[in-house]
Amino acid sequence: MVQREHCVETVLDRLDAMVLSNARSLVCYPNPSSPLCSKIIKELESRGISHVISYGGFKIGGHSILGHGWAGNVFLAVSEKHGLLAVKSLHPKSRRRSMLKEALMWLAASRLHVAPQLFEASRYFIAYKPILGPRLADYRPRTQQEKAYTAARLLTKAHLLDTIGVRHGELSRPHAQVLIDSCSSEPYIIDYDSATLHTKPSNLPKIIGGLARIKAFRDCIDTIQVRPLLSHYKKRHETNILIELKSIILRKCLRPRQLFNQASKQSQ
Ligand SMILES: Nc1ncnc2c1ncn2[C@@H]1O[C@H](COP(=O)(O)OP(=O)(O)O)[C@@H](O)[C@H]1O
Ligand SMILES: [Mg+2]
């Protein structure tokens, strides 16, 4: 298999796994001695999660986890049944008492491949496929085509959430709510902590507004051109409007590079 440049999957073979009971300072950051921590560790062990791998952008002492948010700590782990997992568990300062509501929303989204596949869930944690690659905010597409692909997939995924009545709740600022698989450039919508059921979720208008706020995608969004379509979509979440929006965004995304290429060919 040809490994693409920046594709980080192979890096993991070189990382050390820590036995779960020795990783309390990572799993239960910032309070590994809390009673909640013992419950979480016990629950993880009972579901066959045996090891934690120090990896990711959030540093704790000399180690790392994938992330630390309002609701949970996210770390890379290993289970005999599922192999490599991302585990999001409550932390002692979490604004949540249970992960079950997020797990339900996640399950619905992962069935449509909008969220990474969900493997395990309990009151204390959810475990799903790790996405090894940048957050949308840090993503630097290598070509306009790659950028166009990622934007179009994101629009489709936001629309899929609309069709099942799940409002993500944080897509107007998608900087940390979307992860890009660095091997396939496929975007995944994560973090269903604020998600709710809704008759008109309008995730699609939210993600388009969100993309316009991200520097790398700004040149793909013509806010004036998409506005009338978006107000129509907010009333009726119709697939033909998604198709029209995608074609406008694809054309805009691909145009600058094509014009540039033509101009440089003519000057040769
Ligand atoms: N599947 C995953 N693969 C890799 N990193 C992840 C994954 N899920 C979450 N993360 C990292 O953990 C961070 C926090 O996760 P998030 O679900 O947003 O938690 P919170 O609900 O507490 O804000 C994310 O911004 C991301 O950097
Ligand atoms: Mg978050």
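The values are calculated or read from the model by the stated rules, or taken from the named source; none is laboratory data. Source: prediction; values computed, not measured. Virtual Cβ from ideal backbone geometry, glycine too; neighbours counted across all protein chains shown. The area values use the complete protein model at the heavy-atom level, side chains included, leaving out ligands, DNA and RNA. Shrake-Rupley method; radii C 1.70, N 1.55, O 1.52, S 1.80 Å.
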- Message: Looking at the structure I just gave you, is Ile207 within 16 Å of ligand 2 (Cβ to nearest atom) and either open to solvent by 10 Å² or more (accessible area, probe 1.4 Å) or touching a Lys or Arg at 6+ places or on another chain (Cβ under 7 Å) (or both)?
- Response: no
- Message: Step by step: first the residues of segment 140-154, then only those that are hydrophobic (A, V, I, L, M, F, W, C) and farther than 12 Å from Ala216 by Cα, then the one that is most open to solvent (accessible area, probe 1.4 Å). Which residue is that?
- Response: Ala152
- Quick one: in segment 71-81, of everything that is open to solvent by 10 Å² or more (accessible area, probe 1.4 Å) and assigned to a strand (DSSP E or B), which residue is farthest from ligand 1 (Cβ to nearest atom)? Val78
- Look at Leu171 and say whether it is of a type in the set (A, V, I, L, M, F, W, C), assigned to a loop (DSSP other than H, G, I, E, B) and within 16 Å of ligand 2 (Cβ to nearest atom). yes
- Message: Given the options Leu229, Leu245, name the one that is over 23 Å from the mean Cα position of the chain (by Cα) and either closer than 29 Å to Tyr128 by Cβ or outside any loop (DSSP other than H, G, I, E, B) (or both).
- Response: Leu229
- Query: Right, Ala176: modelled with pLDDT of 95 or more and either away from ligand 1 (no atom under 16 Å from the Cβ) or within 30 Å of Ile126 (Cα to Cα) (or both) or not?
  - Reply: yes
- Task: Provide a single number: the residues in segment 51-62 that are surrounded by 15 or more Cβ atoms within 10 Å (Cβ to Cβ) and either free of Cβ contacts under 8 Å to residues at least 40 places away in the same chain or assigned by TED's automatic domain parsing to the domain that holds Tyr192 (or both).
- Result: 6
- Task: Might you let me know whether segment 90-113 holds any residue that is more than 16 Å from the chain's Cα centre (by Cα) and in a strand (DSSP E or B)?
- Result: yes
- Message: Suppose we filter segment 159-173 for residues that are touching a Pro at 6+ places or on another chain (Cβ under 7 Å) and either free of Cβ contacts under 8 Å to residues at least 40 places away in the same chain or within 11 Å of ligand 1 (Cβ to nearest atom) (or both); how many remain?
- Response: 2
- Message: Take Gly67 and tell me if it is surrounded by 18 or more Cβ atoms within 10 Å (Cβ to Cβ) and within 16 Å of ligand 1 (Cβ to nearest atom).
- Response: yes
- Of the residues in segment 114-138, those that are closer than 27 Å to Lys234 by Cβ and buried (at least 18 other Cβ atoms within 10 Å of the Cβ) come to Val114, Ala115, Leu136
- Answer yes or no: is there a residue in segment 82-105 that is touching a helix residue (DSSP H, G or I) at 6+ places or on another chain (Cβ under 6 Å), at pLDDT below 95 and open to solvent by less than 70 Å² (accessible area, probe 1.4 Å). yes
- Every listed condition ((1) open to solvent by less than 20 Å² (accessible area, probe 1.4 Å); (2) of a type outside the set (Asp, Glu); (3) farther than 14 Å from Asp191 by Cβ; (4) in the same structural domain as Pro35 (by TED's automatic domain parsing)) holds for Gly165 save (4)
- Query: Can we say Leu118 is more than 16 Å from ligand 2 (Cβ to nearest atom) and in the same structural domain as Asn240 (by TED's automatic domain parsing)?
  - Reply: no
- Is it true that Gly133 is within 27 Å of Asn22 (Cβ to Cβ) and not in a strand (DSSP E or B)? no
